[in-house]
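*Asks:* Encoded as structure tokens, here's the structure I'll be asking about.
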Amino acid sequence: MSAICKPEDCLLFCRLLFPDFFISQGAIFLNAKYDHEVFLVWLKKLDGDISAVEKIMNHTHMYDVFSGCTDEVDDVVFEQLADTIAFSWRLVLKAKFPGCNFSVEVSNSDQDYGPTVTFYQSIV
């Protein structure tokens, strides 16, 4: 592993698998993607629907995360990465927010820009 990956690379990937979160008005976001002004715009546009705002603001495109190498990598690899990240996020969200219920989704439709992962609180 050390021939192709440095410890810093592993730490960066761990930040993706085990992200930090930010809470605003009961909504839970990926810390790295949170922008308060954007939050307020979406909150107004979506009539206060916190789950819908979370779903939009937390979406993460695999092509953006790995923007330097999309042409060199088969789409199946990006799909597998998205599934792995979603699995990890489910575990982390459950551990960090045991009183909340989340939907963690992977999509790869024609409307998406490659495989995408997102999460939002689901009302039970």
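The values are calculated or read from the model by the stated rules, or taken from the named source; none is laboratory data. Quick caveat: nothing in here was measured; it's all calculated off a predicted structure. Here the Cβ positions follow ideal geometry from the backbone for every residue, glycine too, while neighbour counts run over all protein chains shown.
*Asks:* Please work out which one of (1) out of contact with any Leu (no Cβ under 7 Å at 6 or more places or on another chain); (2) in a helix (DSSP H, G or I) is the condition residue 5 fails and give its number.
*Replies:* Single failed check for residue 5: (2).
*Asks:* Exactly one of these conditions fails for residue 43: (1) more than 16 Å from residue 122 (Cβ to Cβ); (2) under 19 Å from the mean Cα position of the chain (by Cα); (3) without any contact (Cβ under 8 Å) to a residue 12 or more places away in the chain. Give me its number.
*Replies:* Of the numbered conditions (1) more than 16 Å from residue 122 (Cβ to Cβ); (2) under 19 Å from the mean Cα position of the chain (by Cα); (3) without any contact (Cβ under 8 Å) to a residue 12 or more places away in the chain, the odd one out for residue 43 is (3).
*Asks:* Condition test on residue 53, is it surrounded by 14 or more Cβ atoms within 10 Å (Cβ to Cβ), β-branched (Val, Ile, Thr), modelled with pLDDT of 95 or more and assigned to a helix (DSSP H, G or I)? First the steps, then the outcome.
*Replies:* Details: surrounded by 14 or more Cβ atoms within 10 Å (Cβ to Cβ): yes; β-branched (Val, Ile, Thr): yes; modelled with pLDDT of 95 or more: yes; assigned to a helix (DSSP H, G or I): yes.
Answer is yes for this residue.
*Asks:* For segment 24-42, how many residues are under 25 Å from residue 86 (Cβ atoms), modelled with pLDDT of 95 or more and surrounded by 13 or more Cβ atoms within 10 Å (Cβ to Cβ)?
*Replies:* Count: 8.
*Asks:* Still on this structure: Hey, among 18, 29, which residue is of a type in the set (A, V, I, L, M, F, W, C), in contact with a helix residue (DSSP H, G or I) (Cβ under 6 Å, 6 or more places away or on another chain) and touching a residue at least 60 places away in the same chain (Cβ under 8 Å)? Walk me through it before giving the result.
*Replies:* On the way: 29 fails: touching a residue at least 60 places away in the same chain (Cβ under 8 Å).
Criteria check complete, one pass: 18.
*Asks:* Separate question: Does residue 78 satisfy the condition of being out of contact with any Cys (no Cβ under 6 Å at 6 or more places or on another chain) and at pLDDT 95 or above? First the steps, then the outcome.
*Replies:* On the way: out of contact with any Cys (no Cβ under 6 Å at 6 or more places or on another chain): yes; at pLDDT 95 or above: no.
For residue 78, the condition - out of contact with any Cys (no Cβ under 6 Å at 6 or more places or on another chain) and at pLDDT 95 or above - is not met.
*Asks:* Return a yes/no flag: does segment 36-55 have any residue that is out of contact with any Phe, Trp or Tyr (no Cβ under 9 Å at 6 or more places or on another chain) and among the aromatic types (Phe, Trp, Tyr).
*Replies:* yes
One line per residue, one yes/no per condition, for (1) in contact (Cβ under 8 Å) with a residue 12 or more places away in the chain; (2) among the small types (Gly, Ala, Ser); (3) surrounded by 14 or more Cβ atoms within 10 Å (Cβ to Cβ); (4) not in a loop (DSSP other than H, G, I, E, B):
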| site | (1), (2), (3), (4) |
| --- | --- |
| 77 | no, no, yes, yes |
| 85 | yes, no, yes, yes |
| 94 | no, no, no, yes |
| 100 | yes, no, no, no |
| 111 | no, no, no, no |
| 114 | yes, yes, yes, no |
| 117 | yes, no, yes, yes |
| 120 | yes, no, yes, yes |
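*Asks:* Do we have residue 79 as within 14 Å of the chain's Cα centre (by Cα), closer than 21 Å to residue 52 by Cβ and among the acidic types (Asp, Glu) here? Break it down into steps so the answer makes sense when it comes.
*Replies:* Numbers: within 14 Å of the chain's Cα centre (by Cα): yes; closer than 21 Å to residue 52 by Cβ: no; among the acidic types (Asp, Glu): yes.
No; evaluated as a whole, the condition is false for this residue.
*Asks:* Between a residue in segment 53-69 that is among the aromatic types (Phe, Trp, Tyr) and any residue that is part of a helix (DSSP H, G or I) and surrounded by 18 or more Cβ atoms within 10 Å (Cβ to Cβ), which pairs come within a Cβ distance under 8 Å, given they are 6 or more apart or on different chains?
*Replies:* The qualifying pairs are 63/78; 66/78; 66/81.
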